[in-house]
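I have placed the structure first, in the form of structure tokens, so that the comments after it can refer back to it.
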Amino acid sequence: MQILVHRLDAGLPLPAYAHPGDAGADLHTAVDVTLAPGERVLVPTGLAVALPEGYVALVHPRSGLAARHGLTVLNTPGTVDAGYRGEIKVLLVNLDPREPVSLTRGDRVAQLVVQRVEHARFVETELLPQSLRGTGGYGSTGGFATSEPTTEETT
Ligand SMILES: O=c1ccn([C@H]2C[C@H](O)[C@@H](COP(=O)(O)OP(=O)(O)OP(=O)(O)O)O2)c(=O)[nH]1
Ligand SMILES: [Mg+2]
């Protein structure tokens, strides 16, 4: 499939897959930036896209940056809606407790995964169909019982 890309910054490359068959196309920072330990920064990529209807682009972290520097995407995966025409930005956070991380304009900071997405109609019902899992979740299969609050039915 094809995605129209507008480069707001002509000095930066288009998103690119490092290898054929890769799921993620690398995104580059348009600016030099240093993140102190615990700091988050919304990093511009210099790119705007027009995704076809029925697709989403997800901003995922790069595992190398996460493993080496504790640098990840705070809202992972970031959601780029098909109708969005603004600049794609990457919300980076430095989770290393001690070391700052410095990035130079042009460095690869995240990867964009393009997927088809369903558009649902949300249809209200009083009774959901039964399933094998039922209401068990949040670690239920490991014997972990959660004491988190649950919404009481009001009707
Ligand atoms: O990592 C991200 C996440 C979002 N966006 C852009 C594209 C997306 O279509 C728009 C809105 O994102 P989202 O719906 O996640 O944020 P929101 O806080 O719900 O904002 P809005 O009220 O604009 O929907 O922001 C990015 O550029 N990068
Ligand atoms: Mg939103």
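The values are calculated or read from the model by the stated rules, or taken from the named source; none is laboratory data. Just so it is clear, the structure is predicted and the values come from calculations on it, not from any experiment. Every residue, glycine among them, receives a Cβ derived from its backbone with ideal geometry; neighbour counts consider all protein chains shown. Remember, those area values only see protein heavy atoms, side chains included, never the ligands or the DNA or RNA. Shrake-Rupley method; radii C 1.70, N 1.55, O 1.52, S 1.80 Å.
Looking across the stretch 17-45, the residues that are of a type in the set (G, A, S) and under 17 Å from the mean Cα position of the chain (by Cα) come down to A23, G24, A25. Which condition does G142 not pass, out of (1) open to solvent by 100 Å² or more (accessible area, probe 1.4 Å); (2) farther than 25 Å from V73 by Cα, if it passes all the others? Here G142 meets the rest and fails (1).
Scanning the stretch 21-40 for residues that are closer than 25 Å to A10 by Cα and open to solvent by 30 Å² or more (accessible area, probe 1.4 Å) gives D22, A23, V31, D32, T34.
For every residue, the table says whether it meets (1) crowded, with 16+ Cβ neighbours inside 10 Å; (2) more than 11 Å from ligand 1 (Cβ to nearest atom); (3) part of a loop (DSSP other than H, G, I, E, B).
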{"position": "L42", "(1), (2), (3)": "no, no, no"}
{"position": "P52", "(1), (2), (3)": "no, yes, yes"}
{"position": "L58", "(1), (2), (3)": "yes, no, no"}
{"position": "R85", "(1), (2), (3)": "no, no, yes"}
{"position": "V93", "(1), (2), (3)": "yes, yes, no"}
{"position": "R105", "(1), (2), (3)": "no, yes, yes"}
{"position": "Q111", "(1), (2), (3)": "yes, yes, no"}
{"position": "Q115", "(1), (2), (3)": "no, yes, no"}
